[in-house]
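To keep things clear, I will list the structure first and then write my remarks on it.
The values are calculated or read from the model by the stated rules, or taken from the named source; none is laboratory data. Because the structure is a prediction, the values reported are computed rather than measured. Note: ideal-geometry Cβ built from the backbone for every residue, glycine included; neighbour counts use all protein chains shown. Surface accessibility is based on the protein's heavy atoms, side chains included, excluding ligands, DNA and RNA. Shrake-Rupley method; radii C 1.70, N 1.55, O 1.52, S 1.80 Å.
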Amino acid sequence: MLSRVLSACVYGIDAHLVEVEVDIASKGLPYFSVVGLPDAAVKESRDRIKAALKNIGFNFPLKQITVNLAPADLKKEGSSFDLPIAIGIIAAEGIIPLNSSDKYILAGELSLDGRIKPVRGALSIALEAKRLGLKGVILPAENAAEAAVVNTIDVLSVHCLPEVIELLGGITNKEPVRIDINDVMAESSVYEDDFSDIKGQEHAKRAMEVAAAGSHNILMVGPPGSGKTMLSRRLPTILPPMTFEEALETTKIHSVAGLLKKGHSLLAIRPFRCPHHTISDVALIGGGQTPRPGEVSLSHHGILFLDELPEFKRNALEVLRQPLENGFVAISRAVATITYPAQFVLVAAMNPCPCGYFGDSRHQCTCTPNMINRYRSRISGPLMDRIDLHVDVPAVPYKELSNDYVGEKSGEIRQRVIEARERQLHRFKGEKIFANGQMKTRHMKKYCRLIEDVHTLLDVAMQRLGLSARAYARILKVSRTIADLDGSDKILSHHVSEAIQYRTLDRGHNLV
């Protein structure tokens with residue numbers, strides 16, 4: 001007899017429908033074959049399914065069993081096909097009606113005792129069921145809350161194989177899992193850190209506000225212990241709150257990567273990823289034999305923090321250029337190309353020199369000018385070209401560390417950032433960009449027009465400080481953001497003056 005069960009495989013961050021067809025023939029020698037481009041984990045499902053069915057009291061049929069995973073030209077990976085294949089065998093044996101699972105997508109890994117273990121990409125599977133107009137999904141209990149974010153379909157949570165058989169056989173009924181999206185967004189969007197924790201560094205905090213307001217990439221230069229990491233970890237707390245659509249897309253990526261925390265249905269805080277400088281280019285950008293999202297995609301709608309930037313391998317840094325420019329990563333394979341979203345703010349930190357104390361009044365630098373030049377030249381020009389703000393972060397004096405002054409809270413700064421972002425959304429309506437940091441040359445010509453006095457100021461700065469053409473473009477973008485924070489439609493001289501201060505490394509080359 002032939003049965004058909006719906007399942008799904010995740011490719012990239014999206015799920016694709018897979019029809020699990022099970023044919024059982026009584027003639028000939030018994031065998032169990034799985035076809036349809038399965039990987040090793042799918043092939044091993046034969047042994048897990050046999051043991052699970054035997055241990056729940058089902059007599060496994062000693063017949064010719066052929067399982068086809070269609071479409072046959074799409075590679076099937078992972079253990080999520082255990083449950084639909086087992087149900088297909090049971091339906092083909094006539095224990096449950098053949099059409100009992102027609103309106104549901106099934107996914108789950110089987111234990112040898114019949115328990116159902118969680119799988120990756122449950123949210124993507126639920127979204128695919130919604131797109132196809134199906135009634136719902138049947139998923140492991142640990143994945144149910146994640147999938148229930150898609151509240152227009154029924155999400156049925158199951159713990160063991162007998163529970164699924166009784167459900168599809170009409171013996172028992174199950175209430176769908178429901179969650180309140182507003183409650184989940186409110187509970188999941190609480191940050192533990194706050195900008196008021198940071199003593200001093202008012203100039204650096206202002207630069208962080210500008211970076212958040214315009215979605216600008218930022219590089220901090222300062223000695224060890226000056227607070228670069230503290231500042232970076234608090235940047236997500238002043239970014240605008242995530243919209244439901246942003247949270248959904250970010251959760252999909254983390255779900256596919258298997259990084260969604262147990263019991264969490266939605267990732268509503270902006271991601272902060274901080275990879276070690278020994279990371280490989282594949283781990284940073286994504287890919288591998290079984291393609292997985294890399295750090296740039298896990299930072300989507302959030303922050304990618306690279307501490308000790310010059311210590312990263314050069315080829316790892318160079319692969320950042322495409323996602324910084326395009327906002328996505330395309331990983332090409334012989335069969336297809338997988339695209340992962342990667343819209344993030346790059347926050348980098350570095351010491352001013354190899355010993356870390358160049359320009360520090362409290363410590364003597366032991367580096368020669370050539371050593372400093374070599375250290376800084378580890379960051380290529382094309383990568384530096386994509387960083388809008390360079391900020392000095394000096395060591396904090398004891399007097400500032402020991403006083404009782406409490407700076408602005410993240411909520412107050414965030415409100416100004418939200419207002420500036422709203423001005424940008426209105427300005428770029430229909431332009432397919434959402435912040436000043438994403439502006440191209442044609443946008444700058446249109447939205448960064450300068451009055452005569454400002455032209456003169458910028459001309460003098462370019463001449464005296466020896467700023468490059470790329471620095472000129474960055475100054476225009478940052479000036480536009482500072483004007484937005486100021487509530488001004490025009491870019492004025494004090495906006496440009498502040499933007500010029502955020503080009504430390506362009507001016508710093510003259511020091512060595």
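The radius of gyration of the Cα set in the stretch 351-458, together with its Dmax, comes out at 20.2, 53 angstrom. For the stretch 360-512, the solvent-accessible area with a 1.4 angstrom probe is 57 square angstrom per residue. Across the stretch 463-479, computed HN-Hα scalar couplings (Karplus, 6.51 cos²θ - 1.76 cosθ + 1.60, θ = phi - 60°) run 5, 6, 8, x, 6, 8, 5, 5, 5, 4, 5, 5, 4, 5, 4, 5, 4 Hz from first to last residue, x flagging Gly and Pro. Stokes-Einstein diffusion for the stretch 284-429, with the hydrodynamic radius set to the Kirkwood value over Cα pairs and evaluated at 37 °C in a medium of 0.692 mPa s, equals 176 µm²/s. Against the criterion of solvent-accessible heavy-atom surface with a 1.4 angstrom probe, 264, 254 sort, most first, into 264, 254. Sites listed here are trypsin sites (Lys or Arg not before Pro) in the stretch 142-212 whose DSSP assignment is loop and whose Cβ has at most 15 other Cβ atoms within 10 Å: 174, 178.
Summed over the residues of the stretch 218-277 and divided among them, the accessible surface reaches 37 Å² per residue at a probe radius of 1.4 Å. For the stretch 71-125, list log₁₀ I(q)/I(0) at each q in 0.25, 0.27 Å⁻¹, using the Debye formula over Cα point scatterers of equal strength and ignoring solvent, two decimals each. With one equal scatterer per Cα and no solvent, log10 I(q)/I(0) is -1.14, -1.19. Taken over the Cα atoms of the stretch 330-387, the convex hull encloses 131 Å³ per residue.
Using DSSP, restrict attention to beta bridges with both residues in the chain and report what percent are antiparallel, rounded to the nearest 5. Before the final figure, lay out each step's value.
Working: 27 of 58 bridges.
Just about 45 percent of them are antiparallel.
According to the square roots a ≥ b ≥ c of the eigenvalues of the Cα gyration tensor, what is the shape class of the stretch 232-302, taking rounded for a/c under 1.5, prolate for a/b larger than b/c otherwise, and oblate for the remainder? Oblate.
Computed on the stretch 205-249, the Cα convex hull volume stands at 86 Å³ per residue. Centre-to-centre separation between the Cα atoms of the stretch 1-26 and those of the stretch 128-178: 17 Å. Spatially, the stretch 440-512 and the stretch 30-90 are offset by 63 Å when compared through their Cα centroids. Along the stretch 22-33 the Karplus relation, 6.51 cos²θ - 1.76 cosθ + 1.60 evaluated at θ = phi - 60°, assigns HN-Hα couplings of 10, 10, 10, 10, 8, 7, x, 6, x, 7, 9, 10 Hz to successive residues, with x for each Gly and Pro.
Excluding same-chain neighbours fewer than eight residues apart, the lysines reachable from residue 440 by a Cα-Cα span under 18 Å are 429, 432, 477.
Counting only DSSP beta bridges with both residues in the stretch 243-356, the antiparallel share comes to about 55 percent.
For the stretch 266-422, what proportion of DSSP beta bridges, expressed in % and rounded to the nearest 5, is antiparallel?
For the stretch 266-422, the DSSP antiparallel bridge percentage is about 55.
Once Rg and the Kirkwood radius are both taken over the C-alpha atoms of the stretch 80-199, their ratio Rg/Rh works out to 1.12. Largest first, the three principal axis extents of the alpha carbons in the stretch 260-356 are 46, 36, 23 Å in whole numbers. Note on surface exposure: 406, 149 rank 406, 149 by accessible area, highest first, 1.4 Å probe.
Using only alpha-carbon positions in the stretch 1-120, the gyration tensor eigenvalues give semi-axes of 21, 16, 14 Å once each is multiplied by 5 and square-rooted (largest first).
With a/c under 1.5 counting as rounded, go ahead and sort the stretch 111-168 into rounded, prolate or oblate using the C-alpha gyration tensor (a ≥ b ≥ c being the square roots of the eigenvalues; past the cut-off, prolate if a/b is larger than b/c, else oblate).
Judged from the Cα gyration tensor, the stretch 111-168 comes out prolate (a/c at least 1.5, a/b above b/c).
Electrostatic bookkeeping for residue 215 treats Lys and Arg as +1 and Asp and Glu as -1; over the other residues with beta carbon under 11 Å from its beta carbon, the sum is +1.
Using only alpha-carbon positions in the stretch 158-219, the gyration tensor eigenvalues give semi-axes of 51, 13, 11 Å once each is multiplied by 5 and square-rooted (largest first).
At a Förster distance of 41 Å, what's the computed FRET efficiency of residue 412 paired with residue 135, Cβ-Cβ distance as r, to 0.05? Once rounded, the FRET efficiency stands at 0.30.
Computed over the Cα atoms of the chain, what is the convex hull's projected area averaged over all directions, in nm²?
Working: hull surface 111.0 nm².
Result: 27.7 nm².
Over the Cα atoms of the stretch 432-472, the radius of gyration divided by the Kirkwood radius equals 1.04; this is the Rg/Rh ratio. Taking the square roots of five times each eigenvalue of the Cα gyration tensor of the stretch 157-261, the equivalent ellipsoid has semi-axes of 45, 14, 12 Å, listed largest first. Count Lys and Arg as plus one, Asp and Glu as minus one, and take only other residues whose Cβ is under 13 Å from that of residue 115; the net charge is then -3.
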